[in-house]
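Enquirer: Sharing a structure, written as structure tokens. Questions coming.
The values are calculated or read from the model by the stated rules, or taken from the named source; none is laboratory data. The shown structure was predicted, so the numbers you read here are calculated from the model rather than taken from an experiment. Virtual Cβ from ideal backbone geometry, glycine too; neighbours counted across all protein chains shown.
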Amino acid sequence: MSKRRGSSGFRRFFSDLRRTKVGIVGLSLLILFLGLAIFFPLIGNMNDIKNWNNLQYWRDNPKAAPPCWAVGNTFKSISVTGGENTSNLIERNGELDGFKYISYSFLYNVETQPPIDVIARFNISYSKPTYVYITMERPDGKYISLTGNPESGERTSVLDLFGVDPNSYSGDIRIQLASYLNNMITIRNYIVPWLQSNNVTLQPQDVFRLTNVAFSTLHQELTPNIINAKNVTYLSGKYNVTFVFYSSDKNLSVALEKAIALGGCYGIVGTDNMGRDLWMGLMYGIRWALIIGFSVSIMSVLIGGIYGVVGGYFGGKTDEIMLRTAQVFYSIPVLPILILLAVIFRPSIWNVISMLIIFGWPSTALVTRSMALQIKEETYVEAAKAIGSSSSRILFRYILPQVLPYLFASIALSVPGAILTEASLSFLGLGDPSIVTWGRILNEAEVAGATINGYWWWVLPPGLMITIVGMTFILIGQALDLILNPKLRR
Amino acid sequence: MASLGRTIAVQVVSNLAALIIIVALISALLVFYSQTILQGVVVEMVQEFTRNLARNPALTPEQKAQLINLYQQALEVRFGLVGNPISKVYHMMINILTLNLGSSRNVYMGNSASISSQIIFALKNTVILFFTATLISIVIGLALGLYAARKPHGIIDSLLSFFAVLSASLPMWWVGMLMLLVFAFWNHWFPTQSMPVYFAIQQLSQAYHSGSITTLSYILEYLRTWLYYMALPLTTVVLVSIGGWAYIVRNVVIGKMAEDFVMTARAKGLSERKVLFGHVLRAASPPIVTTAALSLVSSLGGAIISETVFGWPGMGLLFWIAITNSEPMLIAGNVYVTVLLFIITIIILNILYVFLDPRIKTSGSQQVF
Amino acid sequence: MALTAVLEVENLSTSYYTFRGMVKAVEKVSFKLEKEEILGIAGESGCGKSTLAWSLMGLVPPPGRVVEGSVKIDGIEVLNLSESERRKKILWEKISMIFQGAINAFNPVYTVGYQLAEPFIYHKNYSKKEALEKVKELLKMVGLNPEIEKRYPHELSGGMKQRAVIAMALALEPSVIIADEPTTALDVVIQSQILNLMKKLKQDKKLSFIFITHDMSVIAEMADKVAIMYAGRIVELGPSEIIFNRPYHPYTSALIRSIPRLRGPIEKLQYIPGEPPNLISPPPGCKFNPRCQYAEELCKKEEPGFVEVEKGHFVRCWKYDSGKQSSGGAIK
């Protein structure tokens, strides 16, 4: 009858599990996720995760950008590094009029859409006043000086653009061309004159409008009403942005670290509003989901299972206390109390896990208790008692082995709940801010108004991951149920 | 019959005891909460007060210091920060149990700052939304589950199993975000927030009372307005709940259909319809009714997160507002009402179950849940 | 003879179409049941007895189906009828069933009285009140206190429930009553009470029973005619005395031999070696041949026909199939 389940039970389950369709799907998904979680450092970039809260790290990424495969008409980001042998970078240096100059020309091709920004990072070292000159050459052959042109006697100091000591400095400098250009001063000094010299009529309000779109305007076809045109046509072709650093210091050294023409799309699932690569967050989240899911479900089911069996078997006062405690926990609405606790204690992820375990054990305990009550009445237990078996022997030899299958199914089925609850807490902003979980990503999405702004790539994937991981465990739990039920029926 | 009365009495008492213990726990938590969080609020308010006083040249520094002190003390009394912890917890328990909740610092919902009235306002909205949604899910789920049970492994049944698995793993609030994305943002068919429903209703009734629209169009517009604001949250809740519920029905019914009395009923020449509804469903009713009732009542807590996503002014959102605004009595009242309703339902169900399943009458003081 | 036969079954076959294959649960079964006769059907668990019972009523659960054959109750061909005709005219009116394990035959949420009253309400259009009056009479007939009708099934003891199930089966005074293991779950004392009750009812009401059981001693007590089933086939059919005293089929004699005797010399218990065959892929030829001590080459190749060796005595065994037999006569 029920004695067939026992020590051979374990092996049977895994072989039975493999036989059901549901079990196969569930098991393979589980293996996939376990692999992704464990081998994340090999697939993904651990640095991305370590720097998740470090906004500087993500400076060079487009913000709130959709994935490139989902967007048709957009500029694809390209970047070059100093010393790289590519047609997109031309390095020159030399001497002219007593000044040493070092120049980097960054070339990029525009098809239908221009980049949203050009970012350049240099490592520079000088000990005498140093200046910078930036130009852009358009496909239609027109040149724009974006800073003071030394040929006309105007020198722009590195102080103005980079905020560093113009006389002597050694270190990193960075420029974002769009923010530099979208600045009123730059517009008035360099862009307006250039536009006017190209027969563009400008009203005063147009100048104000330029503070939003100066950078992209430079990539448009030059027409007299370029500012007010309803349809924006971009000039396609090769653009050349050249950075020239010049100084009387013969030891001037400038090394290009990276130059990027930033497109409107990025990565596999795009970026969030801080420019963070969501794919990394998505993959790394698997780790935490599995850790949370497993620790909560295993611990609460084990504690609950043993508690229930012991209470059910021994009965009496122990049982009564356990029953009432479980009843109280059962009637408490979990999420509100969790939120309250989270607000009071500002917990780390381990506190959250502990709280979930504390709320989770009663449901298992109640079931195992009734199972123990039933098994207690069986004749073979009576027989075992008659021959003098100790309680612990009966518990371990007769009761626990029959309860074990249910516990396994229970573990599998509790995982999604744990993951969901933690995600809910993180979504409300009450999670552990030092770790990257899907709930947290969704929280940041909601705060940034992702739903209202249509950033579907930010909203859809994390929730999808939560759902799929949850489904994996439910499928496994269902398969376990399918195996257990026919036996229980008999 | 006497033992039946005794059984019920024992259950009622133990459930009420559970309620009191829960209230004690909540009170203890909130007292602790007050100490930590509210203390901070008091400090902020005192600082504000001090800044305002600083602008007043008519008072001497000593006078100002005295006023600040008095203000601080008044605040501490008002927020219940004085006195020893045990008596604080005790008093809070009494207040919560008797629903003597006082008022909140601001009006968060409805028209009055009285906490009880705000809770009633929120409860009403939660009932409108979640109750309706759960009711719809139950009805559709029942029909689907029954159909699937009659044709196991058929198309509907397999789809049902899939949706059940989906239901159990979908975060409801995430589905809500998706609904907003698709139907409010991309298609503009529905609003992005549901809070304005009361404003819209108000405007509507103003129009009605000023005579600019007829009664019929008022009624239609009234319904349409509610539906407009309610459609997305309602659909979300129904979509996420239906799968799991139908699956439970299906399993219970399949279980009952395999029992021997079904074959007996068929052998007696009863029509298939009579067998299904008269015997199978009736035998399946104890677990189904209790599960249905429990989910109806659980829905009364509102779903905190889903309501915040949609901005639906229900119990869930009220709780969240209470948390973010540091209103302990509002928190207490909200949680207490939810738990109270839950426990009352359990008590009623325990009694009801006896009538549904005659076997329970004689099986002792164990409660079914 | 044919005029008094209450039930005539000819070549009845029922199979289950499962994922693993077709299970031939009942294969070419033929027998006749006369008025006031008790036919006992005996065999091991899984030999198809219950499926046979369900097939007679048209209640074979899916994925099972009656594949061929004819079942005539009071001359009416039952298998041709439509569902609703069968429900209205045949089920419970002409043929009813006493179920195995009466514990579950009752729905726990309805009273015993209501469930006994259902046939009256749905077949005869009685009102609930009239039906309950009838129910009380039925309960008295089986020796139960008529007040029991107010009780719920779980409040009755095993013996009381079995009586109630019998009462339920008698409600519309059907021509044939099938009793499927009616006493298996009861202790010996109650068992004899129930059996005596059934004998009395048969006499008083002129009923015809089909008794299905694996307990040979019950068959010996109750049956006028005995059919021995093995692997879905009837291997021997005949009057009770002949089957018990002069069994022809090797399986029958092995069954009889395996009944322990109270008196006589103490001997080792006899048993039949081996296992019942897998009905999806049964052995070729005679289904009993792997376990038969008399099995020969022919037995492994061809299945023997159902042959009438004496008046009213049929055997399915090559030993008795004329022209192919190797030896005749009964086996002891």
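Enquirer: Which of (1) within 11 Å of chain B (Cβ to nearest Cβ); (2) crowded, with 22+ Cβ neighbours inside 10 Å; (3) out of contact with any Lys or Arg (no Cβ under 9 Å at 6 or more places or on another chain) is the odd one out, the single condition A:Ile411 does not satisfy?
Expert: It is condition (1) that A:Ile411 fails.
Enquirer: Tell me the helices (runs of 4 or more DSSP H) entirely within region A:400-490 that contain at least 2 residues that are aliphatic (A, V, I, L, M) and in contact (Cβ under 8 Å) with a residue 12 or more places away in the chain. If you could, list the steps in order and put the result at the bottom.
Expert: Values: elements: A:400-427, A:438-447, A:450-453, A:456-489.
Once the helices (runs of 4 or more DSSP H) in region A:400-490 are filtered for at least 2 residues that are aliphatic (A, V, I, L, M) and in contact (Cβ under 8 Å) with a residue 12 or more places away in the chain, what remains is A:400-427, A:438-447, A:456-489.
Enquirer: Mind listing just one residue for me: the one in region A:80-131 that is touching a helix residue (DSSP H, G or I) at 6+ places or on another chain (Cβ under 7 Å) and among the hydroxyl-bearing types (Ser, Thr, Tyr) and, of those, nearest to A:Ser157 (Cα to Cα)?
Expert: A:Tyr131
Enquirer: How about region A:203-233: which of its residues are over 21 Å from A:Tyr143 (Cα atoms) and in a loop (DSSP other than H, G, I, E, B)? Before the answer, list the steps.
Expert: Within region A:203-233, the subset over 21 Å from A:Tyr143 (Cα atoms) is A:203-206, A:208-209, A:212, A:228-231.
Those that are over 21 Å from A:Tyr143 (Cα atoms) and in a loop (DSSP other than H, G, I, E, B): A:Gln203, A:Asn228, A:Ala229, A:Lys230, A:Asn231.
Enquirer: Then there's this: Any residue that is assigned to a helix (DSSP H, G or I), within 14 Å of chain A (Cβ to nearest Cβ), farther than 20 Å from B:Trp226 by Cα and among the aromatic types (Phe, Trp, Tyr) - is there at least one of those in region B:149-164? It would help to see each step written out before you state the result.
Expert: Step one: of region B:149-164, the residues assigned to a helix (DSSP H, G or I) are B:149-150, B:155-164.
Pick out the ones that are also within 14 Å of chain A (Cβ to nearest Cβ) and you get B:157-158, B:160-164.
Filter once more, so that each one left must be farther than 20 Å from B:Trp226 by Cα: B:157-158, B:160-164.
Imposing the further condition that a residue be among the aromatic types (Phe, Trp, Tyr) reduces the set to B:162-163.
There is at least one residue in region B:149-164 that is assigned to a helix (DSSP H, G or I), within 14 Å of chain A (Cβ to nearest Cβ), farther than 20 Å from B:Trp226 by Cα and among the aromatic types (Phe, Trp, Tyr).
Enquirer: Select from region C:140-165 the residues that are within 13 Å of another protein chain (Cβ to nearest Cβ) and not basic (Lys, Arg) and list them in ascending order.
Expert: Taking region C:140-165 first, the residues within 13 Å of another protein chain (Cβ to nearest Cβ) are C:150-156, C:161, C:164-165.
C:Tyr152, C:Pro153, C:His154, C:Glu155, C:Leu156, C:Ala164, C:Val165, listed by residue number.
Enquirer: Having 1 or more residues that are closer than 24 Å to C:Leu186 by Cβ and more than 13 Å from every other protein chain (Cβ to nearest Cβ) is the bar; report the strands (runs of 3 or more DSSP E) wholly within region C:5-104 that clear it. Working first, answer last.
Expert: On the way: elements: C:5-18, C:21-34, C:38-42, C:64-73, C:95-98.
Qualifying strands (runs of 3 or more DSSP E): C:38-42.
Enquirer: Specify which of the listed residues (B:Val335, B:Val238, B:Val253, B:Val339) is touching a residue at least 24 places away in the same chain (Cβ under 8 Å), under 22 Å from A:Asp481 (Cβ atoms) and either assigned to a helix (DSSP H, G or I) or at the interface with another protein chain (Cβ under 9 Å from one of its Cβ atoms) (or both). Step through it out loud before you land on a result.
Expert: Working: B:Val335 fails: under 22 Å from A:Asp481 (Cβ atoms); B:Val238 fails: under 22 Å from A:Asp481 (Cβ atoms); B:Val339 fails: under 22 Å from A:Asp481 (Cβ atoms).
Going through B:Val335, B:Val238, B:Val253, B:Val339 in turn, just one is touching a residue at least 24 places away in the same chain (Cβ under 8 Å), under 22 Å from A:Asp481 (Cβ atoms) and either assigned to a helix (DSSP H, G or I) or at the interface with another protein chain (Cβ under 9 Å from one of its Cβ atoms) (or both): B:Val253.
Enquirer: Taking the condition surrounded by 14 or more Cβ atoms within 10 Å (Cβ to Cβ), touching a strand residue (DSSP E or B) at 6+ places or on another chain (Cβ under 7 Å) and closer than 30 Å to C:Leu139 by Cα, does C:Phe288 pass?
Expert: Taking the combined requirement at face value, the residue does not satisfy it.
Enquirer: Among the residues of region C:178-217, count how many are of a type outside the set (Gly, Ala, Ser) and assigned to a helix (DSSP H, G or I).
Expert: Of all residues in region C:178-217, those of a type outside the set (Gly, Ala, Ser) come to C:178, C:180-184, C:186-191, C:193-207, C:209-216.
Cutting the leftovers down to assigned to a helix (DSSP H, G or I) gives us C:188-191, C:193-205, C:216.
The qualifying residues number 18.
Enquirer: Looking at region A:447-461, which of the residues that are at pLDDT 90 or above and within 8 Å of another protein chain (Cβ to nearest Cβ) is nearest to A:Ala65 (Cα to Cα)?
Expert: Applying the filter and picking the extreme gives A:Trp456.
Enquirer: Name the one entry in A:Val164, A:Val132 that is of a type in the set (A, V, I, L, M, F, W, C) and at pLDDT below 90. So that I can check it myself, show each step before the final result.
Expert: Numbers: A:Val132 fails: at pLDDT below 90.
It is A:Val164.
Enquirer: Can you name every residue in region C:144-174 that is in contact (Cβ under 8 Å) with a residue 24 or more places away in the chain, in a loop (DSSP other than H, G, I, E, B) and surrounded by fewer than 16 Cβ atoms within 10 Å (Cβ to Cβ)?
Expert: Just the residues of region C:144-174 that are in contact (Cβ under 8 Å) with a residue 24 or more places away in the chain, to begin with: C:148-154, C:156, C:158-159, C:161-174.
Checking which are in a loop (DSSP other than H, G, I, E, B) leaves us with C:151-152, C:156, C:171-174.
Scanning region C:144-174 gives a single hit, C:Glu173.
Enquirer: Something else about it: Could you count how many residues in region A:339-353 are more than 10 Å from chain B (Cβ to nearest Cβ) and part of a helix (DSSP H, G or I)? Can you show your working first?
Expert: If we filter region A:339-353 for residues that are more than 10 Å from chain B (Cβ to nearest Cβ), which is where we start, we get A:347-353.
Imposing the further condition that a residue be part of a helix (DSSP H, G or I) reduces the set to A:349-353.
Number of matching residues: 5.
Enquirer: Quick check: is even one residue across region B:108-130 surrounded by 15 or more Cβ atoms within 10 Å (Cβ to Cβ), touching a Pro at 6+ places or on another chain (Cβ under 8 Å), farther than 30 Å from B:Gly243 by Cβ and at pLDDT below 85?
Expert: Checked region B:108-130: at least one residue is surrounded by 15 or more Cβ atoms within 10 Å (Cβ to Cβ), touching a Pro at 6+ places or on another chain (Cβ under 8 Å), farther than 30 Å from B:Gly243 by Cβ and at pLDDT below 85.
Enquirer: Additional query: Looking only at region B:258-280, how many residues end up being more than 9 Å from every other protein chain (Cβ to nearest Cβ) and surrounded by fewer than 19 Cβ atoms within 10 Å (Cβ to Cβ)?
Expert: The number of residues fulfilling the criteria is 2.
Enquirer: Still on this model: Can you tell me which residue is farthest from B:Asn125 (Cα to Cα) among those in region B:307-321 that are more than 9 Å from every other protein chain (Cβ to nearest Cβ) and among the aromatic types (Phe, Trp, Tyr)?
Expert: B:Phe310
Enquirer: Right, something else. When residues of region C:119-139 are filtered for being at the interface with chain B (Cβ under 7 Å from one of its Cβ atoms) and more than 29 Å from C:Ile41 (Cα to Cα), how many remain? I'd like the intermediate steps shown before the answer.
Expert: Narrowing region C:119-139 to residues at the interface with chain B (Cβ under 7 Å from one of its Cβ atoms): C:119, C:122-123.
Imposing the further condition that a residue be more than 29 Å from C:Ile41 (Cα to Cα) reduces the set to C:122-123.
Within region C:119-139, residues that are at the interface with chain B (Cβ under 7 Å from one of its Cβ atoms) and more than 29 Å from C:Ile41 (Cα to Cα) number 2.
Enquirer: Just to be sure before I move on: is B:Ile304 crowded, with 19+ Cβ neighbours inside 10 Å, of a type in the set (A, V, I, L, M) and facing another protein chain (nearest Cβ under 10 Å) in the structure I sent?
Expert: Numbers: crowded, with 19+ Cβ neighbours inside 10 Å: yes; of a type in the set (A, V, I, L, M): yes; facing another protein chain (nearest Cβ under 10 Å): yes.
Answer is yes for this residue.
Enquirer: When you check B:Ser298 against the structure, is it within 12 Å of chain C (Cβ to nearest Cβ) and part of a helix (DSSP H, G or I), yes or no? Can you show your working first?
Expert: Values: within 12 Å of chain C (Cβ to nearest Cβ): no; part of a helix (DSSP H, G or I): yes.
Spelling it out, it is not the case that B:Ser298 is within 12 Å of chain C (Cβ to nearest Cβ) and part of a helix (DSSP H, G or I).
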